[in-house]
Amino acid sequence: MDLLDRLVDKGLRGARPTREEALAVLATSDDELLDVVAAAGRVRRHWFGRRVKLNYLVNLKSGRCPEDCFYCSQRLGSKAEVLKYTWLRPEEAAEAASAGVAGGAKRVCLVASGRGPTDRDVDRVSRTIEAVRDKHPEVEVCACLGLLSDGQAARLREAGADAYNHNLNTSEATYGDICTTHGYEDRVATVREARSAGLSACSGLIAGMGESDGDLVDVVFALRDLDPDSVPVNFLMPFDGTPLEGTWELTPARALRILAMVRFVCPDVEVRLAGGRETHLRSLQPLALHVANSIFLGDYLTSEGQAGQEDLAMIADAGFEVEGAETDTLPDHRDGLVTVRRRGVGTDLPPNA
Ligand code: SF4
């Protein structure tokens, strides 16, 4: 059995490939690229059909972070030109979320810059979650607020959050090369904390930061061990004014191989095409839909709620369909709390059932 047949066989069973197999995917040639995508596509269709889940980011607080993540335009002392503002009011955030929901987003991700929330911030975000929920009871709400302290995940869950995002970003061995103000273990602890509070864990990576193939495989295997429900795959946007300025290492073909490797290692998990997709995949973006089953809607949404028309057209042109609110994203054996909560809308089921 050759490599791709073995990977498809394992992917259809949800089994873990070996490290060597994952490395071999990254080492495939351009001649093999379409075969790699087709193989990953078989695994994707087995677990997720031709559905594409849309997610929409709402930036609750932007800039002025005291941390020094090298890839981030909001880091301490960043000279990158980014919007800087402090917390959106709950009604403003709910209004912003409406634009994404109008475009077909099934999940709203509430993001705030910073090392992690204070207890007061958690109160504020809890009110925001309630405001989003009031307007859009069917939508999944994910919070992304940085490192969590004791009890904060449970409070977010009680407020009605379905999920918590905190990315590992890179391998343990290279973490010190992309951040000095917190460590890899801090990130792992927050993902665990979120899961143990009953939140659906979302945790992924950033590719293209100078890491080796071995580092990429390490972080994806570490993610598999943490067992998140969703894995966002970001491709580095090397902002001017950050330490990674000028780091352009990815090609569209490389980005596809990375996505395929993630799909083979995490076959039955929501693999999300995240930051940098337009810049790095360019004209190969539609091929990525054969591997990933979820994307962030592009920043093309207007205040009138006109959808990211280019994204929606790309999905339709490639023969995929937007996943509706009534459909469960995850396969039955992974179906967890998000579905339970969603099915509880309008019933007596408590939000943290
Ligand atoms: S903690 Fe978050 S916002 Fe702050 S520098 Fe790191 S990635 Fe950027």
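The values are calculated or read from the model by the stated rules, or taken from the named source; none is laboratory data. These numbers were taken from a predicted model, which means no experiment stands behind them. Positions of Cβ are backbone-derived with ideal geometry, glycine not excepted, and every protein chain shown enters the neighbour counts.
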Look at D121 and say whether it is within 16 Å of the ligand (Cβ to nearest atom), acidic (D, E), farther than 25 Å from R334 by Cβ and surrounded by fewer than 24 Cβ atoms within 10 Å (Cβ to Cβ). yes
Can you name the residue in the stretch 4-14 that is surrounded by fewer than 18 Cβ atoms within 10 Å (Cβ to Cβ) and free of Cβ contacts under 8 Å to residues at least 60 places away in the same chain and is also farthest from Q309 (Cα to Cα) among such residues? R6
Can you confirm whether T170 is within 13 Å of the ligand (Cβ to nearest atom) and buried (at least 20 other Cβ atoms within 10 Å of the Cβ)? yes
Only one of (1) surrounded by fewer than 20 Cβ atoms within 10 Å (Cβ to Cβ); (2) away from the ligand (no atom under 16 Å from the Cβ); (3) at pLDDT below 95; (4) at positive phi fails for G160. Which number is that? (3)
Top-ranked residue in the stretch 29-79 [being more than 27 Å from V262 (Cβ to Cβ) and in contact (Cβ under 8 Å) with a residue 60 or more places away in the chain; ranked as surrounded by the most Cβ atoms within 10 Å (Cβ to Cβ)]: L60
So the check is Cβ under 6 Å with 6+ separation or different chains; which pairs have a first residue in the stretch 195-212 that's on the phi > 0 side of the Ramachandran plot and a second one that's assigned to a loop (DSSP other than H, G, I, E, B) and of a type outside the set (K, R)? G208/L236; G208/E249; G208/L250
R187 - would you say it is away from the ligand (no atom under 13 Å from the Cβ), among the basic types (K, R) and buried (at least 17 other Cβ atoms within 10 Å of the Cβ)? no
Here the residues within the stretch 74-112 that are of a type in the set (S, T, N, Q), within 16 Å of the ligand (Cβ to nearest atom) and more than 20 Å from Y164 (Cβ to Cβ) are S78, T86
Suppose we filter the stretch 157-187 for residues that are assigned to a helix (DSSP H, G or I) and in contact with a Ser or Thr (Cβ under 7 Å, 6 or more places away or on another chain); how many remain? 2
Can you spot a residue in the stretch 105-114 that is surrounded by 17 or more Cβ atoms within 10 Å (Cβ to Cβ) and in contact with a Phe, Trp or Tyr (Cβ under 6 Å, 6 or more places away or on another chain)? yes
